[in-house]
1. Do we find that SER74 is more than 16 Å from the chain's Cα centre (by Cα), over 25 Å from PRO170 (Cβ atoms) and either not hydrophobic (A, V, I, L, M, F, W, C) or not in a strand (DSSP E or B) (or both) in this structure?
2. Return the only residue of ALA65, ALA43, ALA33 being free of Cβ contacts under 8 Å to residues at least 60 places away in the same chain, in contact with a helix residue (DSSP H, G or I) (Cβ under 6 Å, 6 or more places away or on another chain), of a type in the set (A, V, I, L, M) and under 20 Å from LEU97 (Cβ atoms).
3. Is at least one residue of region 11-28 under 30 Å from THR117 (Cβ atoms), open to solvent by 70 Å² or more (accessible area, probe 1.4 Å) and not charged (D, E, K, R)?
4. For region 1-56, which residues satisfy the criterion of being among the small types (Gly, Ala, Ser), outside any loop (DSSP other than H, G, I, E, B) and out of contact with any Ser or Thr (no Cβ under 9 Å at 6 or more places or on another chain)?
5. Would you confirm, using the coordinates I've provided, whether PRO170 is closer than 30 Å to LEU70 by Cβ and loosely packed, with under 10 Cβ neighbours inside 10 Å?
6. From the residues in region 132-162 that are open to solvent by 100 Å² or more (accessible area, probe 1.4 Å) and over 26 Å from GLY122 (Cα atoms), which one is modelled with the highest pLDDT?
7. Looking at GLN139, GLN99, GLN128 in this structure, which one is polar (S, T, N, Q) and under 28 Å from LEU24 (Cβ atoms)?
8. If you go through region 112-127 one residue at a time, do you hit one that is within 19 Å of ASP68 (Cβ to Cβ) and open to solvent by less than 40 Å² (accessible area, probe 1.4 Å)?
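The values are calculated or read from the model by the stated rules, or taken from the named source; none is laboratory data. Not measured: the values here are computed from a predicted model. As a convention, Cβ positions derive from the backbone with ideal geometry for all residues, glycine included, and neighbour counts pool all protein chains shown. Heads up: the accessible areas ignore ligands, DNA and RNA and are worked out on the full protein's heavy atoms, side chains in. Shrake-Rupley method; radii C 1.70, N 1.55, O 1.52, S 1.80 Å.
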Amino acid sequence: RAGSLALEAAFADDTRQLDLKLDLSEPENGVVANALDIPDRPAIRLQVDGSGPLDDFSADIALAANGDQLVDGSVTISEAGEGLRLMARIDGNLQPLVQPTYADLVQGGTRLAIDATRTGDGGYSIAQVNLQSGVMSLQGTAEITPDLFPTALDLDARLGTDGAEPVTLPIGEGD
């Protein structure tokens, strides 16, 4: 069975209507599974389906391996004063997609939440970035100027467990 990649994307400047549909499907031992070195090279299906005016856009995201739903989420874009606000919520189980060496980093599920606004002057206000996965967590906020210079940045990154168990990072050689 052959894989397929279908992308339909359209944007109408006069109505600001955005339509986006991505469907990537590949059989076992496909290009994506091999390129990403996914264990057992499962069949992969990635779908993104969204439609709406740019100030009221929403898209659903889904990722499956061998028919098992692993990741799902949504992205919305809405009007925010003179700018646009992007919110994303993506949750899933990445463990089947990573080599055993990296399993602790994604064990127990992965959650990503983003709340960011493109301001009227072209800058960005990131009210929330939150990534929780296995033994990792990252929370942050930022203010970024139109020329992409950060004027405020607050990041809290943690690696570890609540217990006294050491976390071994899968880099370098030895223990």
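1. Spelling it out, it is not the case that SER74 is more than 16 Å from the chain's Cα centre (by Cα), over 25 Å from PRO170 (Cβ atoms) and either not hydrophobic (A, V, I, L, M, F, W, C) or not in a strand (DSSP E or B) (or both).
2. That would be ALA65, the only listed residue that is free of Cβ contacts under 8 Å to residues at least 60 places away in the same chain, in contact with a helix residue (DSSP H, G or I) (Cβ under 6 Å, 6 or more places away or on another chain), of a type in the set (A, V, I, L, M) and under 20 Å from LEU97 (Cβ atoms).
3. Checked against the condition, which is being under 30 Å from THR117 (Cβ atoms), open to solvent by 70 Å² or more (accessible area, probe 1.4 Å) and not charged (D, E, K, R), region 11-28 yields at least one hit.
4. Initial filter on region 1-56 (among the small types (Gly, Ala, Ser)): 2-4, 6, 9-10, 12, 25, 30, 33, 35, 43, 50-52.
Filter once more, so that each one left must be outside any loop (DSSP other than H, G, I, E, B): 4, 6, 9-10, 12, 25, 33, 35, 50-52.
Matches in region 1-56: ALA9, ALA10, ALA12, ALA33, ALA35.
5. Details: closer than 30 Å to LEU70 by Cβ: yes; loosely packed, with under 10 Cβ neighbours inside 10 Å: no.
No: the conditions fail for PRO170.
6. So in region 132-162, the residues open to solvent by 100 Å² or more (accessible area, probe 1.4 Å) come out as 147-149, 153, 155, 158, 162.
Now drop any that are not over 26 Å from GLY122 (Cα atoms), which leaves 158, 162.
Values: ARG158: 88, ASP162: 72.
Out of the qualifying residues, it is ARG158.
7. Details: GLN139 fails: under 28 Å from LEU24 (Cβ atoms); GLN128 fails: under 28 Å from LEU24 (Cβ atoms).
Residue meeting the stated conditions: GLN99.
8. The answer is no, given that none of the residues of region 112-127 is within 19 Å of ASP68 (Cβ to Cβ) and open to solvent by less than 40 Å² (accessible area, probe 1.4 Å).
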